[in-house]
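Each remark here refers to the structure printed beneath this line.
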Amino acid sequence: MTLQGEKVVVVGLARSGVSAARFLASRGAEVIVTDRSPAEKLAGPIATLAGCAKLELGGHVLESFTGADLVVMSPGVPELDETRAARAAGVEVIAEIELAYRFLHPEAILVAITGTNGKSTTTSLAGALCAASGRPSFCGGNLGNPLIEA
């Protein structure tokens, strides 16, 4: 997957959104980060972006979604009218974890843990076991480390 020159909208300016935006920009994408919160509530994440993305804050701009090559959703952001419109316009809409997965080393082994209760404990235990194996490992997700940082 090439990102050079692609228009990518990242939805949500929390930790995963910032990490995705920085990753995309580092690979030559033209990045727009959008969040419904106003700029004054997002000063920390905005500073962390270090100018790598155009900002659309305080609401979403439909044309940014429908004119994008790709839309990347941060975890916890619900389906939006804008993402439905993007899909209808033929724009691929994926989660941050899908973006990260596409760029993992081809020999990487991914362990995904889902469910209602006990995910953090199970993930921490699995991460400790993987680290103890001596192989390079990364433990993240809801523990505060977006997969895109791996």
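The values are calculated or read from the model by the stated rules, or taken from the named source; none is laboratory data. The model shown is predicted, which means the values in this text are computed figures rather than measured ones. No Cβ is skipped: glycine too gets one built from the backbone with ideal geometry, and neighbour counts run over all protein chains shown. All accessible areas refer to the heavy atoms of the entire protein, side chains included, with ligands and DNA or RNA removed. Shrake-Rupley method; radii C 1.70, N 1.55, O 1.52, S 1.80 Å.
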> What residue among Leu42, Ile148, Thr66 has its Cα farthest toward the positive end of the dipole of the chain, where the charges are +1 on Lys, Arg and -1 on Asp, Glu, each on the Cβ?
Replying inline: Ile148
> Per Stokes-Einstein, at 20 °C and 1.002 mPa s, what whole-number D in µm² s⁻¹ belongs to region 28-71, with the Kirkwood radius over Cα pairs as the hydrodynamic radius?
Replying inline: 193 µm²/s
> Size of the dipole of the chain about the Cα centre, Lys and Arg at +1 and Asp and Glu at -1 on the beta carbon, nothing else charged, in debye to 20?
Replying inline: 380 debye
>> Can you work out the Karplus-derived ³J(HN,Hα) for every residue in region 90-101? Use 6.51 cos²θ - 1.76 cosθ + 1.60 with θ = phi - 60°, whole Hz, and x for glycine or proline.
In response: x, 8, 6, 10, 10, 8, 4, 5, 5, 4, 4, 4
> What residues qualify as long-range amide H neighbours of Glu30, i.e. H under 5 Å apart, gap of 5 or more or another chain, H built at 1.01 Å from N?
Replying inline: Gly5, Glu6, Lys7, Val8
> Which order do peptides 24-35, 51-62 fall in by mean Cβ count within 10 Å, highest first?
Replying inline: 24-35, 51-62
>> Could you tell me the relative contact order of region 34-150? Use alpha-carbon pairs under 8 Å, at least six residues apart, and round to a whole percent.
In response: 19 percent
> Label Lys7 and Lys54 with points 7 Å out from Cα along Cα→Cβ: what is the distance between them in nm?
Replying inline: 0.7 nm
>> Checking the cross-link filter: which lysines have an alpha carbon closer than 26 Å to that of Lys54, excluding same-chain neighbours under 8 positions apart?
In response: Lys7, Lys41
> On full extension of the chain, what length is gained from Glu40 through Leu129, given 0.36 nm per residue of separation minus the C-alpha to C-alpha distance?
Replying inline: 27.9 nm
> Net charge near Cys52, counting Lys/Arg +1 and Asp/Glu -1 over other residues with Cβ under 13 Å of its Cβ?
Replying inline: +2
> Using only Cα atoms, what Kirkwood radius does region 57-135 have, in angstroms?
Replying inline: 15.3 Å
> Helix 119-132 versus the longest principal axis of the chain: what is the Cα-based angle in degrees, 0 to 90, to the nearest 10?
Replying inline: 60 degrees
>> For the chain, what does the helix formula give at 222 nm: sum of -39500 (n - 2.57) over DSSP H segments with n ≥ 4, over the residue count, nearest 500 deg cm²/dmol?
In response: -10000 deg cm²/dmol
> So, in Å, what gap is there between the alpha-carbon centers of region 74-150 and region 1-33?
Replying inline: 16 Å
>> From the phi angles alone, apply the Karplus equation (6.51, -1.76, 1.60; θ = phi - 60°) to region 25-41 and give each ³J(HN,Hα) in whole Hz, x where the residue is Gly or Pro.
In response: 5, 5, 9, x, 6, 8, 9, 10, 10, 10, 8, 6, 6, x, 4, 5, 8
> If r is the Cβ-Cβ distance from Ala47 to Leu143 and R0 is 22 Å, what FRET efficiency results, to the nearest 0.05?
Replying inline: 0.45
>> Report D for the chain in µm² per second (integer): Stokes-Einstein, Kirkwood Rh on Cα pairs, 25 °C, 0.890 mPa s.
In response: 151 µm²/s
> What part of the accessible area of region 1-66, given as a whole %, is carbon or sulfur when the probe is 1.4 angstrom?
Replying inline: 51 percent
